[in-house]
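Worksheet for the structure shown next.
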Amino acid sequence: MFAKVWVEEATRKIRFKPDRAAVGRELDGHIRDIRDKYEAQGLSPYDAEMRATADMGDPAAIAEDLGRIHKPYWGWLWRLSQWALGILLVWAVLTGIGYVRNRLEYPAAEVELPQLPEEVETRTYADGGVRTFRLMDSWDIGGSVDLGGYRFTVPLAYLQERTYEGPEDYTPLQYELTVCLRASSWRFWEPISAGQYMILSHEAVDSDGNRYGRWEPGLFSQETHRHYFCNTYGDGPFAVWYEIQLDLPDGEMPDWVDIPIGYGEERLRVNFAEGVVGP
Amino acid sequence: MTSRHIRRALRNLGLAALAALVIWSMKGYPLPMEMDFRRYERQSLAERSEILFRCESQGEAMLGDPDMFLGVTDTAIHTSSDTHPLNIWPRNADGPTLVVLPSELELQPVFTVGLVAVGAPEGTATARLTITLSRLDWAEDYTVDGQRQGAVFLFSLAARHGEDDWRSHEREALSELTHQQPRTFLYPYTVEFFDADGETLDVLAYDGYGSGEVAA
């Protein structure tokens, strides 16, 4: 039997074609080795090839064995995975082009996260009014609280005295407590909401019994609540900052403030006396 | 040979998963609408609600996903659509509550907004909404019968004017309705609940923005 015919017969039951070709090449190599040996012994090329294929055995029996050993499923999975990868890479490139174009057209605004203010800051307004912000105290608040899969820490907390002198009928002296909460999560596809009403939907209370609420129809009024406000800042894909401002009635610091988070019943306590945040 | 195939397949599948993750991230991590609704609830630290009602918005369908959801907790009602991720309405503790679906039910041919009454009294067979829409010097009463949809009643408030002077006021008032939030709900309304004999079981009345709380 010719080598080519023998190899085709022996590999015909391997269903995954690339495997069939690879096994065929290997078997063909063996036949060549044997044929070369016989040729070296003086046989003609034809006789050497006939002897070599005869030495290899019955191709039908070998085909059965090879068909049993070489299951096609892993090969097919490999091929399928190649197609999937190819399609996804093309899709990723096309999506990436659109994404980069969009980013170039609408660049993300640079976010400056809140920082501890200067000891004294003065701002003069066009109408001649002057506001002076005097840093009275600041705290390092340790600890963290886990709520709803998000970790809350307090990277910054400080008290400022704010004075106003000028033609407008503004409150001449205020004490504003600023508490910054940072909510982080490793679930980058599910960052916590950066809406300010995450904070402002409920009232905050302090250890002195003061209540703070957003003055807004349907929320709170200035008859019952002291002024309460919140700015939010994105901090990469994993975190959001809430900069919360509470209008303290005087310069006296409460021991703690309970701050509500989200639209449920969650809240956390920032304890200034102990320098820790807790549930 | 088999182990080589396995190795290559695993390598390719790993790279494909990575490519899929990159695509998902560039597209802003989209999910099917109900999973998105649940994600919004988690992101807002809101209680997980029980979905009582879902329907499709024609306007949302033109932008992508047409589904709208309404879910309830003991204290709140959550509504959601693709363009209005999560509206949270306080729920009346002792009676029914009326909320507005976040996107219009129908854009064409008749602009239609959906309002849903949750917590109808036991034995309610029919419900009727009367709402006064207004815009500048225009005001008009609309009365709509509710359609029972499982545990809730849906009121389909459709534009009634054609191409005349009132049309723009009506259309704007209806559009504004879909953006209503409970604390700034503009329009006065009454929802009446009737039993099978036509007897009134309960009345939910609201006098409009600035008038105070919704009274059951």
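The values are calculated or read from the model by the stated rules, or taken from the named source; none is laboratory data. Just so you know, these numbers come straight off a predicted model, no measurement behind them. Here the Cβ positions follow ideal geometry from the backbone for every residue, glycine too, while neighbour counts run over all protein chains shown. Accessible surface is based on the protein model in full, side chains and every heavy atom, while ligands, DNA and RNA are left aside. Shrake-Rupley method; radii C 1.70, N 1.55, O 1.52, S 1.80 Å.
Take each residue of peptide B:45-54, count the partner chain Cβ atoms within 10 Å of its Cβ, and average: the result is 3.
Mean partner shielding of peptide B:16-29, defined as the number of other chain Cβ atoms within 10 Å of each residue Cβ, is 6. Compared with the dominant Cα axis of chain A, that is its longest principal axis, helix A:59-69 is turned about 10°.
Computed from the alpha carbon positions, the gyration tensor of region A:211-279 leads to an equivalent ellipsoid with semi-axes of 21, 18, 12 Å, biggest first. Each of A:MET50, A:VAL23, A:PHE2 was placed along the dipole of region A:1-50 (beta-carbon charges, centred on the mean Cα), and the one lying farthest toward the positive end is A:VAL23.
Result for chain B in a Gaussian network model with C-alpha springs under 10 Å: among B:LEU107, B:LEU201, B:LEU136, the largest mean-square fluctuation is at B:LEU136.
In the elastic network of chain B, a GNM with C-alpha springs shorter than 10 Å, the most mobile of B:LEU101, B:LEU115, B:LEU15 is B:LEU15. The HN-Hα couplings worked out from phi for region A:181-191 by the Karplus form 6.51 cos²θ - 1.76 cosθ + 1.60 (θ = phi - 60°) are 9, 10, 10, 10, 7, 6, 7, 5, 7, 9, x Hz, whole numbers, x standing for Gly and Pro.
Residue ranking by accessible heavy-atom surface, 1.4 Å probe, largest first, among A:TRP215, A:TRP91 comes out as A:TRP91, A:TRP215. Rg and Dmax of region A:1-58, both derived from C-alpha coordinates alone, stand at 11.8, 39 Å. For the peptides B:153-159, A:92-98, the ranking by mean Cβ contacts within 10 Å, running from highest to lowest, is B:153-159, A:92-98. Using only side-chain charges placed at the Cβ, +1 for Lys and Arg and -1 for Asp and Glu, the dipole size of the protein assembly as shown relative to its Cα centre rounds to 3860 debye.
Which whole-number percent of Cα pairs in the protein assembly as shown have a distance greater than 37 Å?
Counting pairs separated by more than 37 Å, the tail of P(r) holds 54 percent.
Peptide A:212-221 is shielded by partner chain Cβ atoms: per residue, an average of 2 of them sit within 10 Å of its Cβ. A dipole drawn for chain A from +1 and -1 charges on Cβ atoms has a positive end, and of A:GLY148, A:LEU173, A:ALA126 the residue lying farthest that way is A:GLY148. Using a probe of 1.4 Å, the accessible surface attributed to A:HIS30 totals some 90 Å² when neighbouring protein chains are kept in position.
For the protein assembly as shown, the number of Lys pairs with C-alpha atoms closer than 28 Å, counting only pairs eight or more positions apart or on separate chains, is 6. For region B:29-206, the Cβ-based charge dipole about the Cα centre amounts to some 520 debye (Lys, Arg positive; Asp, Glu negative; other atoms uncharged). Averaging 1/r over each pair of different alpha-carbon atoms in region A:133-221 and inverting the result gives 15.9 Å, the Kirkwood hydrodynamic radius.
Computed from backbone phi with θ = phi - 60° and the Karplus coefficients 6.51, -1.76 and 1.60, the 3J(HN,Hα) list for region A:219-234 is 10, 9, 10, 6, 6, 10, 10, 7, 5, 9, 8, 8, 10, 10, 9, x Hz; x is used for glycine and proline. Largest mean-square fluctuation among B:MET35, B:MET62, B:MET26, in a Gaussian network model of chain B whose springs join Cα atoms under 10 Å apart, belongs to B:MET26. Longest segment of chain A with no GluC sites (Glu not before Pro) in a DSSP loop having at most 16 other Cβ atoms within 10 Å? Here the longest run is A:1-109. Close amide-amide hydrogen proximity is noted between B:ALA125 and B:PHE194, B:ASP195, B:ALA196, each under 5 Å apart and 5 or more residues distant or on a separate chain (H modeled in the peptide plane; Pro and chain starts excluded). Here the 3J(HN,Hα) profile of region B:121-127, calculated from phi with Karplus coefficients 6.51, -1.76 and 1.60 at θ = phi - 60°, is x, 4, x, 5, 9, 9, 9 Hz, Gly and Pro shown as x. So, in Å, what gap is there between the alpha-carbon centers of region B:140-158 and region B:95-127? Answer, in whole Å: 5.
Note down the Stokes-Einstein diffusion coefficient of chain A in µm²/s, whole number, using a Kirkwood radius over alpha carbon pairs, 25 °C, and 0.890 mPa s.
95
Computed from point charges on the beta carbon alone (+1 for Lys and Arg, -1 for Asp and Glu), the dipole magnitude for region A:3-71 about its Cα centre is near 420 Debye. Under the simplified labelling scheme, the A:GLU252-A:ASP146 pair shows an inter-label distance of 3.9 nm, with each label point 7 Å from Cα along Cα→Cβ.
Database remark: amide H of B:PHE155 closer than 5 angstrom to the amide H of B:LEU115, B:VAL116, B:ALA117, B:GLN147 (H placed geometrically; neighbours at sequence offset of 5 or more, or on other chains; Pro and chain starts carry no H).
Across the options B:GLY64, B:THR97, B:ASN12, the greatest Cα extent toward the positive end of the charge dipole of chain B (unit charges at beta carbon of Lys, Arg, Asp, Glu) belongs to B:ASN12.
Over the alpha-carbon set of chain B, divide Rg by the Kirkwood Rh and report the Rg/Rh ratio to two decimals.
The Rg/Rh ratio comes out at 1.13.
Here's how it looks for A:ARG12: its modeled amide H is under 5 Å from none belonging to a residue 5 or more places away or on a different chain.
The smallest convex shape that holds all Cα atoms of region A:120-278, its convex hull, gives 132 Å³ per residue.
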